[in-house]
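Reviewing the structure listed below.
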Amino acid sequence: MKILEVEPLAQAIHSFVTTKHPVLFSGSGLGKRVGMPLWAEFIEHLACVCEKHGDGDSAKLIRKNAAQGDYVRAAGVYELCGEIPNGERLKELAKPFAPTWDDAKLDLLKPMFELPFGAVVTTNYDRSQHDAYARARRRSAPQLELDDSTLCQGALQTAFFIARIHGRAELPQSIVLF
């Protein structure tokens, strides 16, 4: 294994990002910078929704699965909770990801979008990356979305884009939990 010194490492990274058209793959860690929940926090929100609708058993099972690190199973319990009306279930699913952010929070993401990435592929449901890109570049990025034909066109894109591959908060029925 070759260990690079700081300067050669910096040069290697610079060479890669300027010649290879790299794609940034981002998830909830990036969204956390603007106030989005991490998975554990989101799953706890879903457990609270079950409790609010009188299904303490589902809430308990969600928390049990989350404590074991099985967030997919925990999310599945939420999806199966029969006590929550469907419209309310979708509203609460998207609620943590629907706010707008002040400029100071978006500025925390700006440095990511000042780097020469060719695209961003994200599992996040919110729009913070779109808004931060617009602040950094003074233009909006094309959006590729899971729930319409734009995502299928990603392989043909030559210009920068942001692809949300797990759905979007603006259309809660598009959100993929597992």
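Here are GLU114, GLU92, GLU51: which of them is surrounded by fewer than 14 Cβ atoms within 10 Å (Cβ to Cβ) and in contact with a helix residue (DSSP H, G or I) (Cβ under 9 Å, 6 or more places away or on another chain)? Working first, answer last.
Details: GLU92 fails: surrounded by fewer than 14 Cβ atoms within 10 Å (Cβ to Cβ); GLU51 fails: surrounded by fewer than 14 Cβ atoms within 10 Å (Cβ to Cβ).
Residue meeting the stated conditions: GLU114.
Tell me, which helices (runs of 4 or more DSSP H) lie completely within the range 1-107 with 3 or more residues that are touching a residue at least 60 places away in the same chain (Cβ under 8 Å)?
On the way: elements: 6-19, 28-32, 39-52, 56-67, 71-80, 86-94, 103-107.
Output list reads 28-32, 71-80, 86-94.
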Tell me which of these GLY29 doesn't satisfy, since it passes every other one: (1) open to solvent by 40 Å² or more (accessible area, probe 1.4 Å); (2) over 14 Å from the mean Cα position of the chain (by Cα).
(2)
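Only one residue in GLY69, GLY118, GLY76, GLY82 is touching a His at 6+ places or on another chain (Cβ under 6 Å) and either modelled with pLDDT of 95 or more or on the phi < 0 side of the Ramachandran plot (or both), so which one is that? Step through it out loud before you land on a result.
Working: GLY69 fails: touching a His at 6+ places or on another chain (Cβ under 6 Å); GLY76 fails: touching a His at 6+ places or on another chain (Cβ under 6 Å); GLY82 fails: touching a His at 6+ places or on another chain (Cβ under 6 Å).
Result of the check over GLY69, GLY118, GLY76, GLY82: GLY118.
Can you name the residue in the range 75-89 that is touching a Phe, Trp or Tyr at 6+ places or on another chain (Cβ under 9 Å) and within 14 Å of ILE43 (Cβ to Cβ) and, of all such residues, is surrounded by the fewest Cβ atoms within 10 Å (Cβ to Cβ)? Step through it out loud before you land on a result.
Within the range 75-89, the first condition is being touching a Phe, Trp or Tyr at 6+ places or on another chain (Cβ under 9 Å), and the residues that meet it are 75-76, 79, 84, 89.
With within 14 Å of ILE43 (Cβ to Cβ) added as a condition, the list becomes 75-76, 79.
Details: ALA75: 22, GLY76: 16, GLU79: 12.
Step by step, filter the range 75-89, then rank; the result is GLU79.
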Would you say LYS95 is more than 18 Å from GLU41 (Cβ to Cβ) and among the basic types (Lys, Arg)?
no
Every residue in the range 134-171 that is more than 24 Å from TRP39 (Cβ to Cβ) and assigned to a helix (DSSP H, G or I), please.
ALA134, ARG135, ALA136, ARG137, CYS152, GLN153, GLY154, ALA155, LEU156
Mind listing whichever residues of the range 94-114 are more than 15 Å from ARG33 (Cβ to Cβ) and among the aliphatic types (A, V, I, L, M)?
ALA94, ALA98
So GLN173 fits all but one of (1) at pLDDT 90 or above; (2) open to solvent by 70 Å² or more (accessible area, probe 1.4 Å); (3) over 26 Å from ILE43 (Cα atoms); (4) not aliphatic (A, V, I, L, M); what number is the exception?
(3)
Would you be able to say whether some residue in the range 65-72 is more than 20 Å from VAL176 (Cα to Cα), surrounded by 11 or more Cβ atoms within 10 Å (Cβ to Cβ) and not small (Gly, Ala, Ser)?
no
Return the pair list, or none, for Cβ contacts closer than 8 Å from residues in the range 143-167 that are open to solvent by 80 Å² or more (accessible area, probe 1.4 Å) to residues that are outside any loop (DSSP other than H, G, I, E, B), at least 6 apart or on different chains.
GLN153/LEU144
Can you tell me how many residues within the range 13-26 are under 30 Å from ALA98 (Cα atoms) and open to solvent by 50 Å² or more (accessible area, probe 1.4 Å)?
2
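The values are calculated or read from the model by the stated rules, or taken from the named source; none is laboratory data. This structure is a prediction, so every number in the text was calculated from the model and none was measured. Cβ: placed from backbone, ideal geometry, glycine included. Neighbour counts: every protein chain shown. Ligands, DNA and RNA are stripped out before the accessible areas are found, and what is left, the full protein with its side chains, is counted by its heavy atoms. Shrake-Rupley method; radii C 1.70, N 1.55, O 1.52, S 1.80 Å.
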